[in-house]
1. Every residue in the range 68-92 that is under 22 Å from residue 57 (Cα atoms) and surrounded by fewer than 17 Cβ atoms within 10 Å (Cβ to Cβ), please.
2. Considering only the range 63-85, I want to know if a residue exists there that is in contact (Cβ under 8 Å) with a residue 12 or more places away in the chain, under 30 Å from residue 39 (Cβ atoms) and in contact with a helix residue (DSSP H, G or I) (Cβ under 6 Å, 6 or more places away or on another chain).
3. Exactly one condition in (1) more than 13 Å from residue 107 (Cα to Cα); (2) surrounded by fewer than 17 Cβ atoms within 10 Å (Cβ to Cβ); (3) touching a residue at least 12 places away in the same chain (Cβ under 8 Å) is not met by residue 43; state its number.
4. Among the candidates 121, 137, 127, which residue alone is crowded, with 16+ Cβ neighbours inside 10 Å and out of contact with any strand residue (DSSP E or B) (no Cβ under 9 Å at 6 or more places or on another chain)?
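Here, each number is a calculation from the coordinates, and none is a lab measurement. As the structure is a prediction and not an experimental result, all values here were calculated from the model. Here the Cβ is made from the backbone with ideal geometry for all residues, glycine too, and neighbour counts use every protein chain on show.
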């Protein structure tokens, strides 16, 4: 199992534990991201050390190869001077340095492959941390929402809903009674007042209608003339 598989198993285990347990999800996720960040720091240090070792080996290889080339030049110089024995010793030294340089070259190539793999793993871990941070924010938001919903449900469960609703119903009935009483009083007061005005207005209508009937039925006159005539008839004549 690779490093990242083990890492994600740990992350999933933490998430499952925070869902099933009483631990704080936000703290768990934050600690998980911090652990991943710490792993990234250590990996970067490892990559830096591997690169430094590779560079040092490359310098050693270049210096050893340069020394081997120098002994080859010296062997040629000895041959030019007729010093064949000295030339042979120079070639022996050259061979030794060439063997060392060849081994160092192989080591440099191996170290280069290791450094490249470490760099790839480091980039993958950086991507995983970025993804983990995004998921952490999402899970934290969901956890907060769930906690808020749970608290709300607990509050609603602890409330005496029946008695509270009963009190509201009683108050509503009382208010309705008060409103009905007020409306009844207002209607009674309005009726008395309206009756007085209706009585006054009704009397005027009857008087007017009586005057009109008199004008139609009795020729020549108004109600005033009729009234005067009626009064004259009732007075006795002088001398009777």
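1. Initially, the range 68-92 is screened for residues under 22 Å from residue 57 (Cα atoms), giving 68-71.
If the condition is that a residue be under 22 Å from residue 57 (Cα atoms) and surrounded by fewer than 17 Cβ atoms within 10 Å (Cβ to Cβ), then 69, 70 are the ones that fit.
2. no
3. (2)
4. Numbers: 137 fails: crowded, with 16+ Cβ neighbours inside 10 Å; 127 fails: crowded, with 16+ Cβ neighbours inside 10 Å.
On inspection, the qualifying residue turns out to be 121.
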